[in-house]
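Asker: The following block contains the structure, expressed as structure tokens.
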Amino acid sequence: MKDKKGKPKNPWQTGKRLFSYISKDYLGRFLIVIGSIIFSTLASVSISLSLKYLIDDYIIPLMKEGNPDFTNFYQALSILAAIFFVGIVATFIKARIMVIIGQGVIKNIRDEMFTHLQRLPIAYFDENSHGNIMSRFTNDTDTLRQMLNQSLPQILQSFIMITATFIAMVSLSPRLTLVAILMLILMYIAGKYILKNSGKYFVLQQSSLGHVSGFIEERVVGQKVVKIFNYEEKTKEEFDKVNEELFRATSKANGFANITAPVIANIGNLQFVVTAVLGGVLAIKGYGITFGVLAAFLQFTKSFTQPIMQMGQQFNTIVMALAGAERIFTMLDETPEIDEGSVELVRIQKENGKIVESDEGEYHWKKMENGEPVYIPVKGDVRFENMSFGYEEGQLVLKDLNLYAKPGQKLAFVGSTGAGKTTIMNLVNRFYDVKEGRILYDGIDVKDIKKADLRRSLGIVLQDTHLFTGTIRENIRYGNIHASDEEVKEAAKLAYADTFIERMPKGYDTVLSGDGEDLSQGQRQLISIARAAITHSPVLILDEATSNIDTRTEAIVQRGMDNLMKGKTVFVIAHRLSTIKNSNAIIVLDHGKIMERGDHQDLMEQKGIYYELYTGKREMD
């Protein structure tokens, strides 16, 4: 896991980067939000400040008159009502626009995350659990949504309210303002201690939430394995451990967060009492404090305390959001899959004696030499020259490998787990790049071929099939999105999948879900073979494609694969040795080295490792 527990490394930088999403597409609307906040804040302050004038200039004088005239008083109230209405409208505009900004920013971030995810190398998915990756799309983006929709406008409004209120308090009574300053210092000391502790635990909570999501996702996917090996109790113990970490972090975070409001509120109440007593004394002794000033000032003490309390409450949400944003940006900063290849896969045909590229014709490699295109026929000649590779520095999985597969040959790889069979396939399609030596494809170093074009020339049938939610037709067409309905049916026939597909209620338009859970393993594998068949690729990779099915179904699947392999260069990772007897060459691997090479008859006569594996004297794994 790459996620580390602790505080955000650079909250200011993270916040600045997050704000760039607002300024890029929503700056104008955000300025309107700020303007609306200023209008609503000034309206609120004006209403509180008006208490002084209402009491001193209208209410007290009117109380002294025998026949009071309320005309001017009603006019003043009408002005206040208009100000109050402006404040309501401004608040409504702020709330509506902020929802649009918040949801828009989250949409853009999710779009960027998913687009970037498609560009990341396989190594990233090998090093990070699927659940943890999903947590960034769900939990982390949700904290951002809460911050943008609620916390950010609340913080802005609270800051402007505190500033405006402080100015109004100074204008009313500098002496009483000193009380507010002393209480503000006290609030700062208490808030700093509380928020410092709650903040770090909210960051831990966000990280722990990702670990819990990852754990659950892994166990749900592997539930059959859990039950087969009676691992339920152990799994429960392991879940209790990671869930306990989340519980502790959440409890401590919310424990500190929940005392923020009461502490600041009580300090605010103390400020109200001290201000009322001191103001009353000053008013009685005639130090320039009128009843109107005192009433307005007491109202401002509440207006001064409440936004500070709101800022304290929103601080934890912002810390959580910044922690989530940092996790998101960490993923976005992952280096995309590097592709320095320039050779393209094209189809060409001759028209009027000239070579033209088209959607039909034979496949060729197109490379540029001296500014002119050179076309090399795609034959499927694959060679490994002095190739060494390791996933980690200093730990080689394959060592000085030399082998070849001529066009139309079938090569099978056998050996124990960890021998390097699957690694060879990962290198052929450039999921990983060779560290030493090279792989030549029709005489071209695969590093010089664009990855997308290289993979288009490879048909792959994996041990673990994966079907997507959608129709059977769409799943087969996944191998070639431009394939016609007729080509889909031809691919299904080639794979011997058409028989069971046509018996289904809606045939090729039958909708699959849950990774094709309504189909048998053999049926899923046949669809996977049809998907590979529709690519019309010259090279085929079969990664233990029949290891998860029974021998009866294997016979059907094998017929489909035999059709698929005709005229192609084929690499087979063997699980059942009986399926590779007709291979042109069988490569026996052990600890990354080629121990034996030959056809079935040659290797049986040698009576070496392959002979022992085939006769059962040695176990495959």
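Asker: Going down the list Lys234/Lys617; Lys24/Lys94; Lys192/Lys252, which pairs span over 26 Å between their C-alpha atoms? If you can, show how the numbers build up before the last one.
Answerer: Numbers: Lys234/Lys617 35 Å; Lys24/Lys94 19 Å; Lys192/Lys252 16 Å.
Result: Lys234/Lys617 exceed 26 Å.
Asker: Give the aspartates and glutamates whose C-alpha is closer than 19 Å to that of Lys410, dropping any in the same chain fewer than 8 places away, or say none.
Answerer: The qualifying aspartates and glutamates are Asp381, Glu385, Asp442, Asp543, Glu544, Glu554, Asp562, Glu596, Asp599, Asp602.
Asker: Based on the Cβ-Cβ distance from Gln521 to Asn266, what FRET efficiency comes out when R0 is 60 Å, to the nearest 0.05?
Answerer: The calculated FRET efficiency here is 0.35.
Asker: Quick one: Karplus J couplings for the range 473-481, per residue in order, coefficients 6.51, -1.76, 1.60, θ = phi - 60°, nearest Hz, x for Gly and Pro?
Answerer: Values per residue, Gly and Pro as x: 4, 5, 5, 5, 5, 4, x, 7, 5 Hz.
Asker: Something else now. For the range 562-604, state which trypsin sites (Lys or Arg not before Pro) are in a DSSP loop and have at most 14 other beta carbons lying within 10 Å of their beta carbon. Please list the in-between numbers first.
Answerer: On the way: sites: Lys566, Lys568, Arg576, Lys581, Lys593, Arg597; in loops: Lys566, Lys568, Arg576, Lys581.
Listed in order of number, the matching sites are Lys566, Arg576, Lys581.
Asker: Starting from the amide H of Leu512, placed 1.01 Å from N in the peptide plane, find each other amide H under 5 Å away whose residue is 5 or more places distant or on another chain.
Answerer: So Leu512 has HN proximity to Gly470, Thr471, Ile472.
Asker: A further question follows. Quote to one decimal, in nm, the extra length available between Asp509 and Val220 on full extension: 0.36 nm per residue of separation minus the C-alpha distance between them.
Answerer: 101.2 nm
Asker: Shifting gears a bit: Trypsin sites (Lys or Arg not before Pro), restricted to the range 373-468: which are DSSP loop and have at most 15 other Cβ atoms within 10 Å? Intermediate results must be reported in sequence, preceding the final value.
Answerer: Numbers: sites: Lys379, Arg383, Lys399, Lys410, Lys421, Arg430, Lys435, Arg438, Lys447, Lys450, Lys451, Arg455, Arg456; in loops: Lys379, Arg430, Lys435, Lys450.
Those satisfying the criteria are Lys435.
Asker: Express in nm, to one decimal, how much length is gained between His130 and Glu362 on full extension, taking 0.36 nm for each residue of separation and deducting their alpha carbon distance.
Answerer: Between His130 and Glu362, full extension yields 79.5 nm more.
Asker: Would you mind pulling out the separation of the Cα centroids of the range 411-479 and the range 262-329, in Å?
Answerer: Using only Cα atoms to place each centre, the spacing works out to 65 Å.
Asker: Enumerate the amide H contacts of Asp381 below 5 Å, restricted to partners 5 or more residues apart or on another chain; note that Pro and chain-start residues carry no placed amide H.
Answerer: The answer is Asp442.
Asker: Using alpha carbon centroids, what distance separates the range 158-177 and the range 74-147, in Å?
Answerer: Result: 32 Å between the Cα centres.
Asker: Please report the antiparallel percentage of DSSP beta bridges with both residues in the chain, rounded to the nearest 5.
Answerer: Beta bridges within the chain, antiparallel portion: roughly 65 percent.
Asker: Separate question: Just need the Rg to Rh number for the chain, please, alpha carbons only, Kirkwood Rh.
Answerer: In the chain, Rg relative to Rh is 1.17.
Asker: Right, something else. Let me check I have the definition right: for the range 364-457, take the eigenvalues of the Cα gyration tensor, multiply each by 5, take square roots. What are those semi-axes in whole Å, largest first? Write down the numbers at each step before the final one.
Answerer: Details: eigenvalues 131, 47, 24 Å².
Square roots of five times the eigenvalues give 26, 15, 11 Å.
Asker: In the chain, which longest range has no GluC sites (Glu not before Pro) that are both DSSP loop (not H, G, I, E or B) and surrounded by at most 11 other Cβ atoms within 10 Å?
Answerer: The longest such stretch corresponds to 66-339.
Asker: Pick out, in residue order, every one of the trypsin sites (Lys or Arg not before Pro) in the range 244-309 that is DSSP loop and has at most 12 other C-beta atoms within 10 Å; say none if there are none.
Answerer: Here the trypsin sites (Lys or Arg not before Pro) that fit, given the DSSP loop and packing criteria, are Lys285.
Asker: If you roll a 1.4 Å probe over the range 69-151 with all protein chains in place, what percent of the accessible area is carbon or sulfur?
Answerer: 65
Asker: Distance from a point 7 Å along Cα→Cβ of Tyr53 to each backbone N in the range 153-173: keep the residues under 16 Å and list them by number.
Answerer: The answer is 168-169, 171-172.
Asker: If each residue of separation counts as 0.36 nm, what is the full-extension length gain between Val374 and Ile259 once their alpha-carbon separation is subtracted?
Answerer: That pair, Val374 and Ile259, stretches by 34.0 nm at full extension.
Asker: Counting only protein heavy atoms and using a 1.4 Å probe, what share of the accessible area of the range 321-441 belongs to carbon plus sulfur, as a whole percent?
Answerer: With neighbouring chains kept in place, the figure for the range 321-441 is 43 percent.
Asker: In the range 451-545, carbon and sulfur make up what percent of the accessible area (probe 1.4 Å)?
Answerer: Exposed carbon and sulfur together represent 49 percent of the surface.
Asker: Another one. What list of ³J(HN,Hα) values in whole Hz, one per residue of the range 343-354 in order, does the Karplus curve 6.51 cos²θ - 1.76 cosθ + 1.60 (θ = phi - 60°) give from phi, with Gly and Pro shown as x?
Answerer: 6, 10, 9, 9, 10, 10, 8, 9, 10, 6, x, 10
Asker: Round to the nearest 0.05 the FRET efficiency obtained for Asp599 and Gln463 when R0 = 25 Å and r is the Cβ-Cβ distance.
Answerer: Approximately 0.55, to the nearest 0.05.
Asker: Using a 1.4 Å probe, what is the accessible area per residue for the chain, in Å²?
Answerer: Dividing the accessible area of the chain by its residue count gives 52 Å².
Asker: Using θ = phi - 60° and the Karplus relation 6.51 cos²θ - 1.76 cosθ + 1.60, list the HN-Hα couplings for the range 265-278 in order, rounded to whole Hz, with x at every Gly or Pro.
Answerer: Values per residue, Gly and Pro as x: 5, 5, 5, x, 5, 4, 4, 4, 5, 4, 5, 5, 5, 5 Hz.
Asker: Around Ala412, which amide H atoms from residues at least 5 apart in sequence, or from another chain, sit under 5 Å from its own amide H, with H modelled in the peptide plane?
Answerer: Correct list: Val572, Ala585, Ile586, Ile587.
The values are calculated or read from the model by the stated rules, or taken from the named source; none is laboratory data. Model, not experiment: these values are computed from the prediction. Please note: Cβ atoms are built from the backbone with ideal geometry, for glycine as well, and neighbour counts cover all protein chains shown. Surface areas here come from the heavy atoms of the whole protein model, side chains and all, with no ligands, DNA or RNA. Shrake-Rupley method; radii C 1.70, N 1.55, O 1.52, S 1.80 Å.
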